[in-house]
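Single-structure report; data block below.
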Number of protein chains: 6
Amino acid sequence: MRHDGRTLNMLRPVKIETDYLIHPEGSVLISVGNTKVICTASVEDRVPHFLRGSGKGWITAEYSMLPRATGQRTQREAAKGKVSGRTMEIQRLIGRALRAVVDLESLGERTIWIDCDVIQADGGTRTASITGAFVAMTIAIAKINSEKQFRIFPVSSLLAATSVGKTIEDELIVDLDYIEDSSAAVDMNVVMTGRGEFVELQGSGEEATFTRAEMNDLVALAEEGIKELFEIQTNALGDMADLIGFYGSVPE
Amino acid sequence: MRHDGRTLNMLRPVKIETDYLIHPEGSVLISVGNTKVICTASVEDRVPHFLRGSGKGWITAEYSMLPRATGQRTQREAAKGKVSGRTMEIQRLIGRALRAVVDLESLGERTIWIDCDVIQADGGTRTASITGAFVAMTIAIAKINSEKQFRIFPVSSLLAATSVGKTIEDELIVDLDYIEDSSAAVDMNVVMTGRGEFVELQGSGEEATFTRAEMNDLVALAEEGIKELFEIQTNALGDMADLIGFYGSVPE
Amino acid sequence: MRHDGRTLNMLRPVKIETDYLIHPEGSVLISVGNTKVICTASVEDRVPHFLRGSGKGWITAEYSMLPRATGQRTQREAAKGKVSGRTMEIQRLIGRALRAVVDLESLGERTIWIDCDVIQADGGTRTASITGAFVAMTIAIAKINSEKQFRIFPVSSLLAATSVGKTIEDELIVDLDYIEDSSAAVDMNVVMTGRGEFVELQGSGEEATFTRAEMNDLVALAEEGIKELFEIQTNALGDMADLIGFYGSVPE
Amino acid sequence: MRHDGRTLNMLRPVKIETDYLIHPEGSVLISVGNTKVICTASVEDRVPHFLRGSGKGWITAEYSMLPRATGQRTQREAAKGKVSGRTMEIQRLIGRALRAVVDLESLGERTIWIDCDVIQADGGTRTASITGAFVAMTIAIAKINSEKQFRIFPVSSLLAATSVGKTIEDELIVDLDYIEDSSAAVDMNVVMTGRGEFVELQGSGEEATFTRAEMNDLVALAEEGIKELFEIQTNALGDMADLIGFYGSVPE
Amino acid sequence: MRHDGRTLNMLRPVKIETDYLIHPEGSVLISVGNTKVICTASVEDRVPHFLRGSGKGWITAEYSMLPRATGQRTQREAAKGKVSGRTMEIQRLIGRALRAVVDLESLGERTIWIDCDVIQADGGTRTASITGAFVAMTIAIAKINSEKQFRIFPVSSLLAATSVGKTIEDELIVDLDYIEDSSAAVDMNVVMTGRGEFVELQGSGEEATFTRAEMNDLVALAEEGIKELFEIQTNALGDMADLIGFYGSVPE
Amino acid sequence: MRHDGRTLNMLRPVKIETDYLIHPEGSVLISVGNTKVICTASVEDRVPHFLRGSGKGWITAEYSMLPRATGQRTQREAAKGKVSGRTMEIQRLIGRALRAVVDLESLGERTIWIDCDVIQADGGTRTASITGAFVAMTIAIAKINSEKQFRIFPVSSLLAATSVGKTIEDELIVDLDYIEDSSAAVDMNVVMTGRGEFVELQGSGEEATFTRAEMNDLVALAEEGIKELFEIQTNALGDMADLIGFYGSVPE
């Protein structure tokens, strides 16, 4: 039994509220327990310098936390004048993960800007961001599709993420909240596609290590949790879920 | 009749949802039409350098907009590495306004950090921030009071704000939304106390001017709107509203 | 009687020395009592990005203080690597005020850069900057006019500014020096045109408030002082004063 | 056969030159094929703020590349005025990896600063940095030991890293050089201890994915390569290698 | 004959107006032809970190140009968010030069902040800054002396500077104005003490060179000009000039 | 006799290892005693803004030290977010010195980027950088020449630099190491061409001065040392040395 009554392989309650904001092309409020993230997807009709004229599109992500998303107030990065290493690491991860299930050629010369703003944090903000951002992005791309139908719908597969970890009592658990995360010996973030393949696997021990057997058990635990997230995403997307991977063969 | 069906002196629907987040000592989500701001108040048991040892407390405010709070995505200030002049102007205004109704000596050597994060913008974000932040701040101070009762409750009066403006057809209107604000000839922000006195008055014409008679009419229009806001704040605060200005005489 | 012997409605001695520097198209040294500001106007034959191709010009302002303009040395903003909120607020105010009396279409695709550098500060630096910058700007625009005559002279009216305030003894005074400003309960900056209309009105109480009657009295006091400033500006401009508002009807 | 004649599971030639510089407490030049990194370890007799008085030490790392370490010159981060996300990610990884095999309590209130400066880059700079930095760090800690003998030698185990990847022809390869890295479908960095446990596992596909079976094969390939690195490190350390994990029981 | 009618060894008219500002402990406006610099000296009763408790004082200098001190407006360093290499080079030179004639031990644990702000530039701003700053500094130190008499007056000697150069017609000239400076083949700045010794000698050719004979001729030319500057400084200082080097023996 | 056994006019052992790195067009590792600098020259087929279309090329230099090049670790400039004044001064000096012996018109519209990275410091890093950078630059220009022969080889002369100084015992010495440099009364850096002319002369006393006679003796001492450096450069360049100043007449 975990401190909040969950069993080892139980996720926290997950809710995805779509069209949360009026301006963005796609937006959701995702809650994973007490962790709450506003994810938006903005479409821009141009691409970064290195892709101009290539016919390919781009997906990029930014991540931030409100100063009082946390138990103690944290200083704004704008006030400090620079983005922290942790923030950069997370926004690079989100962008890379989403690009793994988007056919950038089908997307065409457009950029999808993903913004993940954590309004309340209780562990797992980066994996909640990926899970929510996937839905916001798919809504935005579906919106483009409704105006100018894609030959191949650019989103090739579902995509979701969760965390798994090893406690200092050597128990393996899924979807760590803040208390569990702070004391874990090993922490692993796993991002998977709807086809059951990995996109990202980031396991690390802070002053601790893990064996190959533990690695396999952690990954299995994550896989089980992510399958539940796919259902919640599918429900949130409604009809739009049918567009994913639907047209022709998926590029790779 | 205005473009959204309001009469000249009609506010948009205002809603203040208290205890919106679990971590901050005080927090609200205020909606003024489609403008939505998360306002939090965080209590810190120390004061800035210039007040150490003075026995006085401090109120300071920060303001930000999510990148996609607006119709077009705006770049994050953290990514640009600096806070814009507009943001600085607004956060100085919020802090100054709140300090006008707080007895900093009664508060004691504490800082209240106000954070106003606009999650959706449709005009009037700075006045919505002040109106919401007042409620969040009062909740946080009431929370301190419930633990260690103040001799004089530090909040001496209600405080709220709205905008008024002159259209290019010379009509005077209250609570401008984004469309009205963009085309107004003159724009004025008014902050008032529950005693009917002014704390801030900022009127400016961008490539336009106003007469003394217009100034008086604009101020009267604002006063009328702010009175409605006081009622909504009082309802949101519930019993805590009774603490305001209650103990002994209010400091100068 | 005030601490320096002035009556409540008396300005400090004001002097405007034109053509103070050899390089700028327009330049003045304005002294308001011990406050001294070098104001320059530089003409550039291009406009900011958002105006290219519009046929309209632009006026923008920057403000700074020498480190030892003040009683205590203040650190340079260049050394700190960022411009303070106070500076940004002031330079936005100066630019907005000047634009209110310039017909940007008549000006054509040019930018006038205003630089206000305070070499000695004794209160009222932002209003002295506006009053002086107006003269420097008009000289620069008259210089363009002498080379390539405008159909409509772009400056439509005189423009000047002063401060008014309420002391802690509830007296209303004009043109506050540093000592008066530091202890004032309410401080208001007023910018007016030669036609007697307002361009900017910024009143604020730091931990204090003001009534509607006080607002009207303060504004009247400012108006009286600003009329004196118009005379001094007119003398400084000499023949150039006749160009203001002269050609055809003023736009807007 | 790979483009440079290696088989799939063959590392490039690795050389570790110790005491490369005269000033640092520990320093090496590590070459992995054409990748060359100067790794230094500097001992400071104080710890970061969050550890003061705790009796524990700290290990922190910084990473940089000379502008012309690469085929095209890259701009200096000092000239840009900020450290890139990639650099931050790498230096956080190096620090975390090293801390996993150091008993910070035995180390005592000291900081070991690790600096990894890439003077020539040909793929695998982050794993070469970890492998080289481990040796430099151990030399520096052995130097402290020779002056004031530790009860428990703070380094509990060997530590080394390599990269593995999946090519677009679905071949799994170890120790990717720049050409291989640029075209790989999946890239994984693996950090292991001398006891055969994992410290970090970072696998990611850029617009590609991998299965659980591939994950296991990649990890096995990495393990094989890292064992060779342990031998090279042991030779480079000479007698100092015997200190590792020698005294008493290793801390958890 | 030079373009402005001077002979090769003739300085421009030099004027030093003392007590130019009311706030600083020492201040001058120095004019060298059309080059005008406000130099101030501010006394602070503390020293930088590296001198605390040493009993020694410090002299440090900052330099800046108003944006329109030059023919073309230059962007403010505060707006750019960083100080240019040229500015840093100049302010380091000014500080080093002044320290050469100040006995920092006699000065005691105080910092003299020198600020040189160029309000109009026409070549030779750095040498004018040194010549003017020396006077401002001496006034500030004399002011300390009048309150609490020094045993050894900390200023040991006069100090002044000028520029010399070689034209592309191989003529050697002193005190180059902007036109001469822009086209010179070789440019040399010379700082000397009242005892005829050198403190700084910085000669450089931009895409040009100079011989040893030319070096000696340039230095002689500078020496001649600097002697005239010493007279002007002595007149500006009046009685204070007698304090220089007066008490006891001057420290090495 | 000096602390390391050298006579007053003796250089430390100097070694120039060419083609030290595989990527740059020109690269050397120069050692001057324990001072070691990697100098690279990178060719870019474009010029800075101010030279576009002029037909002229450009040489620019950057300089940095590894954090542990020094006895105490120094913080990285990238981490501080800005380049220090000392670094800027040095990189401006290196660029200016090299440009003095390059015919920028012959070079054509290309930029040569010089990077000097000090990996070990023991005094004289700026002069070692110039001496080494000259060789790296010449190799890079010879490489361009071998592909597309210049009509006039752009390098017109050899160029090298050393330091000289006056000790506190009034002895004049050449090529100061760190210990000598730290305690010197006067320090002078001299850059000369193979024709025996000066390019840069920077002498300064920190709290000390020097006479004209001392200046001449110091310069003579430097000249003698630089002649030895020319031989070492010539050997390092091999056949390429013959290209210098060879074709037609040298521009100037």
- Message: Of the conditions (1) open to solvent by 40 Å² or more (accessible area, probe 1.4 Å); (2) over 21 Å from F:Ile232 (Cβ atoms); (3) over 15 Å from the mean Cα position of the chain (by Cα); (4) charged (D, E, K, R), F:Asp19 satisfies every one except a single condition; which number is it?
- Response: (2)
- Note on the structure: Within the range A:169-185, the residues that are open to solvent by 60 Å² or more (accessible area, probe 1.4 Å), in contact (Cβ under 8 Å) with a residue 24 or more places away in the chain and either closer than 14 Å to A:Gly205 by Cβ or assigned to a strand (DSSP E or B) (or both) are A:Asp181
- Task: Please work out which one of (1) away from every other protein chain (no Cβ under 12 Å); (2) open to solvent by less than 10 Å² (accessible area, probe 1.4 Å) is the condition E:Val37 fails and give its number.
- Result: (1)
- Item | Matching residues in the range F:25-34 - criterion: being open to solvent by 30 Å² or more (accessible area, probe 1.4 Å) and under 18 Å from F:Arg12 (Cα atoms) | F:Asn34
- Item | C:Ile152 away from every other protein chain (no Cβ under 12 Å) and under 26 Å from C:Leu229 (Cα atoms) | yes
- Going by the conditions given, is A:Gln91 under 30 Å from B:Gly85 (Cα atoms), without any contact (Cβ under 8 Å) to a residue 60 or more places away in the chain and within 13 Å of the chain's Cα centre (by Cα)? yes
- Could you grab me the full set of residues in the range A:126-149 that are among the hydroxyl-bearing types (Ser, Thr, Tyr) and surrounded by fewer than 23 Cβ atoms within 10 Å (Cβ to Cβ)? A:Ser146
- Message: Suppose we keep only residues that are within 14 Å of chain C (Cβ to nearest Cβ) and open to solvent by 10 Å² or more (accessible area, probe 1.4 Å) within the range E:104-116. Which one would you say is farthest from E:Ala78 (Cα to Cα)?
- Response: E:Arg110
- Out of all the residues in the range A:170-197, which are among the acidic types (Asp, Glu) and within 12 Å of another protein chain (Cβ to nearest Cβ)? A:Asp170, A:Asp187, A:Glu197
- Go through the residues of the range B:63-74 one by one and say whether even a single one is more than 7 Å from every other protein chain (Cβ to nearest Cβ), within 23 Å of B:Arg195 (Cα to Cα) and open to solvent by 10 Å² or more (accessible area, probe 1.4 Å). no
- Could you list all residues from the range E:107-140 that are of a type in the set (Ser, Thr, Tyr) and more than 11 Å from the chain's Cα centre (by Cα)? E:Thr111, E:Thr138
- Among the residues of the range A:203-219, write down those that are without any contact (Cβ under 8 Å) to a residue 24 or more places away in the chain and more than 8 Å from chain D (Cβ to nearest Cβ). A:Ala213
- Query: Among the numbered criteria (1) in contact (Cβ under 8 Å) with a residue 60 or more places away in the chain; (2) among the β-branched types (Val, Ile, Thr); (3) assigned to a loop (DSSP other than H, G, I, E, B), which single criterion is violated by E:Ile139?
  - Reply: (3)
- Quick one: would you say B:Ala222 is more than 13 Å from chain C (Cβ to nearest Cβ), modelled with pLDDT of 95 or more and within 17 Å of the chain's Cα centre (by Cα)? no
- Considering only residues of the range A:146-162 that are aliphatic (A, V, I, L, M) and part of a loop (DSSP other than H, G, I, E, B), which is nearest to A:Leu221 (Cα to Cα)? A:Leu158
- With the condition kept exactly as written, say whether any residue in the range B:84-103 is modelled with pLDDT under 95 and more than 10 Å from chain C (Cβ to nearest Cβ). no
- Message: I'm checking my understanding of the structure. Among residues of the range A:190-202 that are touching a residue at least 40 places away in the same chain (Cβ under 8 Å) and open to solvent by 20 Å² or more (accessible area, probe 1.4 Å), which one is nearest to A:Gly124 (Cα to Cα)?
- Response: A:Gln202
- Subset of the range D:203-223 (residues that are among the polar types (S, T, N, Q) and either open to solvent by 40 Å² or more (accessible area, probe 1.4 Å) or closer than 25 Å to A:Ile59 by Cβ (or both)): D:Ser204, D:Thr209, D:Thr211
- Among A:Met240, A:Met188, which is touching a helix residue (DSSP H, G or I) at 6+ places or on another chain (Cβ under 6 Å), assigned to a helix (DSSP H, G or I) and at negative phi? A:Met240
- Among (1) under 30 Å from F:Pro24 (Cα atoms); (2) aliphatic (A, V, I, L, M); (3) outside any helix (DSSP H, G or I), which single condition is D:Ala133 missing? (3)
- Message: Can you list residue pairs whose Cβ atoms sit under 7 Å apart, with the first residue in the range D:60-73 being among the β-branched types (Val, Ile, Thr) and the second being assigned to a loop (DSSP other than H, G, I, E, B) and open to solvent by 30 Å² or more (accessible area, probe 1.4 Å)? Count only pairs 6 or more apart in sequence or on different chains.
- Response: D:Thr70/F:His23
- Query: Which pairs do you get when a residue that is within 12 Å of B:Gly194 (Cα to Cα) and touching a residue at least 40 places away in the same chain (Cβ under 8 Å), found in the range B:225-238, comes within reach of a residue that is of a type in the set (Asp, Glu) and in a helix (DSSP H, G or I), reach meaning Cβ atoms under 7 angstrom, with the pair 6+ apart or on two chains?
  - Reply: none
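The values are calculated or read from the model by the stated rules, or taken from the named source; none is laboratory data. Being a predicted model, the structure only gives us computed values, none of them experimental. Cβ: placed from backbone, ideal geometry, glycine included. Neighbour counts: every protein chain shown. For accessibility, only protein heavy atoms count, side chains too; no ligands or nucleic acids. Shrake-Rupley method; radii C 1.70, N 1.55, O 1.52, S 1.80 Å.
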